[in-house]
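Q: Here it is, the structure, as structure tokens.
All of the numbers you see were taken from the coordinates with simple rules; none came from a lab. Quick caveat: nothing in here was measured; it's all calculated off a predicted structure. Heads up, the Cβs are rebuilt from the backbone with ideal geometry, glycines too, and the neighbour counts pull from every protein chain shown.
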Amino acid sequence: MPDHIPGQTVWQELNVHDSTGLAEFYRAVLGWDLTLEGDRGLFTLDGAPVAGLRVSSGSPEVSGWTSYITTNDFDESLRRTELNGGKVLDPAAALTIDGARAAVAQDCFGAVFGFASLPEGSGAPATSELGRLVLADIMTTDITTGQSFWDSVLQRTRTHHEDNLSVYRDEHGAALIGINELTADERAHVPAHVLPWFAVNDDTSAVVAAERHGGTIATQGNTFCFGGWGVVLDPAGAAFKTLRLNTDSI
């Protein structure tokens, strides 16, 4: 099996205009350490890289978390994105990984994501380990059209789980990325986006820690087929899901 599976989420980059409080926040919620040099930073867990950080003066063009998907045909992935109504925002994005090729794009509803071709052994692919990315979830405003776009771009099998949640999988059944639909209430004030899920030991404790360290709780105390979850915003306003898994894998 290749080091990186096409369609898999392999890296996360956090784009903010102010890094104040982020080191303390992510240490308390996910156990991460942050090394910041100038406008670039690296989050690590037990010494292993888990995500990158970019600090932009003023408001960054793309703010919040960006999930990067690996591809074995970079140019073709960009072509399929635009062919199906998406847009390439930055065809030569810089990542906190030496030797990486990356691009930032948006889907047909404006949800921002990235493509990345990474050197072997680099990146932080999804896993069920605590403090690491479990899955990224495409939150779309119309599930039928959104699925049509991502079916064409990813060209992967999609399995349905509950409500509007589906997961794209590789030929071995491994989860690559999810897709879900924003509720009517959410659509009134939340745009389409890609939401990373990070594994925590206790979703209740995680959201409490988030609030205590300068974050905001968007929702908490939820359960679904994979476990208990909440959504929090960090001190810079970037959203992610805290997930207490009740299974070995998604």
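Q: Equivalent ellipsoid semi-axes for the chain, as square roots of 5 times the alpha carbon gyration tensor eigenvalues: give them largest first, rounded to whole Å.
A: Working: eigenvalues 118, 93, 66 Å².
The answer is 24, 22, 18 Å, longest axis first.
Q: Full-extension gain between residue 142 and residue 84, please, as 0.36 nm times their residue separation minus the C-alpha to C-alpha distance.
A: Working: separation 58, 0.36 × 58 = 20.88 nm, distance 1.47 nm.
Here the answer is 19.4 nm.
Q: Here's a follow-up. Calculate how large, on average over all directions, the projected area of the Cα convex hull of region 74-157 is; give the answer in nm² to one decimal.
A: On the way: hull surface 25.5 nm².
Its Cα hull, projected and averaged over all orientations, spans 6.4 nm².
Q: What ratio of Cα Rg to 2.2 N^0.38 Å holds for region 137-250? Before the final figure, lay out the partial values.
A: Values: Rg = 14.6 Å, N = 114, 2.2 N^0.38 = 13.3 Å.
Against the compact-globule rule of thumb, the ratio is 1.09.
Q: What residues have an amide H closer than 5 Å to that of residue 51, excluding those fewer than 5 places away on the same chain, when H is modeled at 1.01 Å from N in the peptide plane?
A: Correct list: 43.
Q: Could you give P(r) for region 208-250, binned at 10 Å from zero, as whole percent values over all Cα-Cα pairs?
A: Pair shares across the bins are 30, 48, 22, 1.
Q: Ok, one more. Roughly what % of DSSP beta bridges within region 49-145 run antiparallel, to the nearest 5?
A: Given both bridge residues lie in region 49-145, the antiparallel proportion sits at roughly 75 percent.
Q: Right, here's the next one. Where does the Debye-calculated log10 I(q)/I(0) of region 1-114 sit at q = 0.16, 0.21, 0.24 Å⁻¹, using only Cα point scatterers of equal weight, no solvent?
A: -0.79, -1.21, -1.40
Q: Taking 7 Å along the Cα-to-C-beta vector as the label spot, tell me the residue 185-residue 162 distance in nanometres, rounded to one decimal.
A: Here the answer is 1.8 nm between the modelled labels.
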